[in-house]
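Below: one structure, written as structure tokens.
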Amino acid sequence: MDLKFNKKLEDQPLVERVLHGDTNAFQVIIQRTEGLVAQIIFKMVDNKEDRKDIAQDVYLKVFQSLKGFRFQSKLSTWVGQIAYNSAVNYLRKKKLVLVENSSDSEDAGNISLESLYSAENGSLANEAENILSKKELAGILKLEIDRLSPLFKTLVTLYHNEDLSYSEIAEITQLPEGTVKSYLFRARKTLRNRLMPMYKMEQL
Amino acid sequence: MIDNHLTDIEIQEYVLDASQCTKVNLDHMQVCGHCRVKATQYKRLFAGIEGQEQAAFDFDLAALVMEKLPANKNLWDTYFEWWLAGFVLLVFVIGGYFLRTDLKALRSSLTPLIFLLILIPVLALLVFLGFDMYKAYQKKMKALNFY
Ligand SMILES: [Zn+2]
């Protein structure tokens, strides 16, 4: 299939082609949306094999429900919503928590970060002059993002990595826009507080 | 010493989109070192998040999904049921046309009661079979819907 043509193809004709039995058009839908689906599933589901199963189920579900898609949102947003719901169902089945209580406070974060340091790299916490490399900082940030609750991680990723607006994220997660905003503010504040010692270590 | 520092939310908003900030907050940011340090930390944090490696599946998701989908349908497959129904109807019409004299003779040789006794069970059986087929079809479609 001509790739340039695929990119230009709007949601509606693409969906109609699938509904008329052209399953190849469905492949284009997968290719267009799997980045977003990956972001959601990676943040919500830790187990590698489960991720694979869920990702496949998401698209089989998309295929089955495509008839019911009414183009009220972007196709990718709708697919993201199905991915999010599938991941939430998975967490529920595994009895895992979507959002932890606010006991996950910023101060608690600082303490554990320090312990992480002394455990991983002996004297690092005491050496203020020891400037961290970009790579090390990125690694620490990754660890800190992973420590957030599945929902917070997902919100941060959708906003900062997928460049989605608050309203699009609200559609995917089916949360009120105000809640999305306030969760995001909290998640960012938590991250900043946990990483503050690192950022202070380097000249600002 | 400056009081009334911006809240974390206000500083985040300033970093994300300064054009949405109030004039008071913008003026404060110009003069307050404390809030500027915080803003710089947020800036670094956001840049750090955006620089994180993107999650990606290490398998060919499209290929896996496509394997599980029904094969590509063409127009013939899509309308197969209709073609079949049309063909059966045509057979009945043509058959009825050629056998019209025999059917007429049959109809007149039977009393109306016997004729109805044959016609009603036949129609009932057809309706029952049709309904049963439809139900089996619905069940199969449902089995494909998980979650
Ligand atoms: Zn201030």
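The values are calculated or read from the model by the stated rules, or taken from the named source; none is laboratory data. Bear in mind the structure is a predicted one, so any value in this text is a computation, not a measurement. Neighbour counts run over all protein chains shown; Cβ positions are idealised from the backbone, glycine included.
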For the range A:18-76, give me each residue that is aromatic (Phe, Trp, Tyr) and within 19 Å of A:ASN161 (Cβ to Cβ). A:PHE42
Flagged in the range B:23-39 as within 14 Å of chain A (Cβ to nearest Cβ) and either charged (D, E, K, R) or in contact with a helix residue (DSSP H, G or I) (Cβ under 8 Å, 6 or more places away or on another chain) (or both), in numbering order, are B:CYS35, B:ARG36, B:LYS38, B:ALA39
Pick from the range B:33-49, criterion of a type in the set (D, E, K, R) and within 15 Å of the ligand (Cβ to nearest atom), ranking: surrounded by the fewest Cβ atoms within 10 Å (Cβ to Cβ): B:ARG36
Looking at (1) at the interface with another protein chain (Cβ under 9 Å from one of its Cβ atoms); (2) at pLDDT 80 or above; (3) part of a helix (DSSP H, G or I), which is the only condition B:LEU116 fails? (1)
Quick check on my filter: what residues within the range A:161-183 are over 22 Å from A:VAL79 (Cα atoms) and either within 9 Å of chain B (Cβ to nearest Cβ) or loosely packed, with under 14 Cβ neighbours inside 10 Å (or both)? A:GLY178, A:SER182
Got a sec? Which of B:GLN52, B:GLN20, B:GLN30 is within 16 Å of the ligand (Cβ to nearest atom), modelled with pLDDT of 85 or more and over 28 Å from the mean Cα position of the chain (by Cα)? B:GLN30
Only one of A:ASP50, A:ASP46 that is surrounded by fewer than 18 Cβ atoms within 10 Å (Cβ to Cβ) and part of a helix (DSSP H, G or I): A:ASP50
Name the one entry in B:TYR79, B:TYR42 that is hydroxyl-bearing (Ser, Thr, Tyr) and at pLDDT 90 or above. B:TYR42
Only one of A:LEU158, A:LEU132, A:LEU124 is more than 11 Å from chain B (Cβ to nearest Cβ), more than 24 Å from B:HIS34 (Cα to Cα) and modelled with pLDDT under 95; which? A:LEU124
Are any of the residues in the range B:1-8 part of a helix (DSSP H, G or I), within 16 Å of the ligand (Cβ to nearest atom) and on the phi < 0 side of the Ramachandran plot? yes
